[in-house]
1. Please go through the stretch 68-91 and give me each residue that is within 23 Å of the chain's Cα centre (by Cα) and among the small types (Gly, Ala, Ser), ordered by number.
2. Considering only residues that are modelled with pLDDT under 80 and either of a type in the set (D, E, K, R) or surrounded by 15 or more Cβ atoms within 10 Å (Cβ to Cβ) (or both), which ones fall in the stretch 306-319?
3. Those residues that are out of contact with any helix residue (DSSP H, G or I) (no Cβ under 6 Å at 6 or more places or on another chain) and part of a loop (DSSP other than H, G, I, E, B), I need them from the stretch 88-133; list them, please.
4. Does any residue of the stretch 141-152 turn out to be in the same structural domain as Ile174 (by TED's automatic domain parsing), in contact with an Asp or Glu (Cβ under 8 Å, 6 or more places away or on another chain) and either touching a residue at least 12 places away in the same chain (Cβ under 8 Å) or buried (at least 20 other Cβ atoms within 10 Å of the Cβ) (or both)?
5. Please report, ordered by residue number, the helices (runs of 4 or more DSSP H) entirely within the stretch 188-298 with at least 3 residues that are closer than 26 Å to Leu159 by Cα and among the aliphatic types (A, V, I, L, M).
6. On the basis of being touching a residue at least 12 places away in the same chain (Cβ under 8 Å), in contact with a Phe, Trp or Tyr (Cβ under 7 Å, 6 or more places away or on another chain), surrounded by 15 or more Cβ atoms within 10 Å (Cβ to Cβ) and not acidic (Asp, Glu), does Trp38 make the cut?
Amino acid sequence: MSITIFIFFKIVYRWIGGNIEMNRDLPENKFFEDFYIWFNQEKKEEYYSTPLYYYKASFNIDYDTHTLKIYWKENEGTDNGLKYPATLYFPFVEKFGTFLVRFLNADLSTYESAYKDFFFAYGFEILRDLEEDYKFTLLNNYGNDETYLKETQKIYNTLKHKIIYVQEEMKDAINYIFNIKEDEKLKDYTSAQRYAVYLIKQMGKLHTFNKNDYIIRDSFSNKYEQFQNTSEHTLLNELKNKSMLISMIDTHKSNDLSSICYVVLEELVKTNNNPIKKCQNCGMYFIPNSRLDEIYCDYPKENGKTCREQGAILTYNKRLQEKSAYAEYRKIYQQKFMKVRKNKDNKKIANDFESWKKQAKEKITKLKHEEISEKEVYDWILKNS
């Protein structure tokens, strides 16, 4: 365990020892058990807090936002098997939906691969209530790395079949809800509508996954610390003029992996701008960063490049090779573009280029969606070059 992490926890627990009020159902200070998760849809972020041992894991600290970002650190060991408590005042932060997407993409075939892909970041508290017939305790101190690994591997191997089952069920649900396979029968419906039908018709086992979710409701009575320096008059006026939005963010407490996956999925389908997609290059699930029509993920691969970087180049080159219309389009486009640059004061040339560009893009789009043939586009480009 690095000295940075040790010092950080000493600072934080000294800081939160003051008089900070919280919802009475939430832990007021540090805690050594359980998993908490909550969401901010405006910022497209999710937050979680859970005790960890930090084996092959470390984090960056943002003191301005009071958040942590966890990352894999190959040579990091535990602090002699010590469990570090968590606090809700410095939660881990990640992109909205990361917990679910990371689980979908995890290689669960071995303890080692499952740990590297998923459990290093979220720990094993999330397995304590996964199986009714199997209960275990995570010790506050295992003494050394070897004992920690031995005991957590025993837990994983005992529950491995159930963990894989949850992953498969979540994949089936997500493939339907987000229409991953582009089924024509489903394309005219939103993810929220497909989600409702999937649950109502009990098309998989997703409907059984929400049994261990304890929701801690937010309320105005919990906002004192946030607005203690804002006057009563200012608050009244800002609320009246709707210039202030006081967000209500519920917290979910659960030690059941399936229930947490259910919660994240439910949050994602509340809006239509957070779809889960499957990368057309590597096949991994991802959530687009900006454009909803993104088809490549931004996960770095062994060569250091993301699928978005690689896929765009591959697709572009493939199109140029396979479809002469694309090649001809680029050639004519460059010719017309250079002509405009050389004749900056000629408005007719510029207007003709803009008109041609608009029509050409429409033709290319129709070709992409197979609404017209490649020959039709090619002939049009030659005729209007």
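The values are calculated or read from the model by the stated rules, or taken from the named source; none is laboratory data. What you are looking at is a predicted structure, and each value in this text was computed from that prediction instead of being measured. Neighbour counts are summed over all protein chains in view; Cβ atoms, including those assigned to glycine, are modelled from backbone coordinates with ideal geometry.
1. If the condition is that a residue be within 23 Å of the chain's Cα centre (by Cα) and among the small types (Gly, Ala, Ser), then Ala86 is the only one that fits.
2. Arg308, Glu309, Gln310, Gly311, Lys318, Arg319
3. Across the stretch 88-133, the qualifying residues are Leu88, Tyr89, Pro91, Phe96, Ser109, Thr110, Gly123, Arg128, Asp129, Glu132, Asp133.
4. yes
5. The helices (runs of 4 or more DSSP H) meeting that bar are 257-269.
6. Answer is yes for this residue.
Residue-wise test of (1) free of Cβ contacts under 8 Å to residues at least 12 places away in the same chain; (2) over 24 Å from Thr251 (Cβ atoms); (3) under 20 Å from the mean Cα position of the chain (by Cα).
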residue	(1), (2), (3)
Leu159	no, yes, no
Glu169	no, yes, yes
Asn179	no, yes, yes
Lys185	yes, yes, no
Tyr189	yes, yes, no
Tyr198	no, yes, no
His207	yes, no, no
Ile215	no, no, no
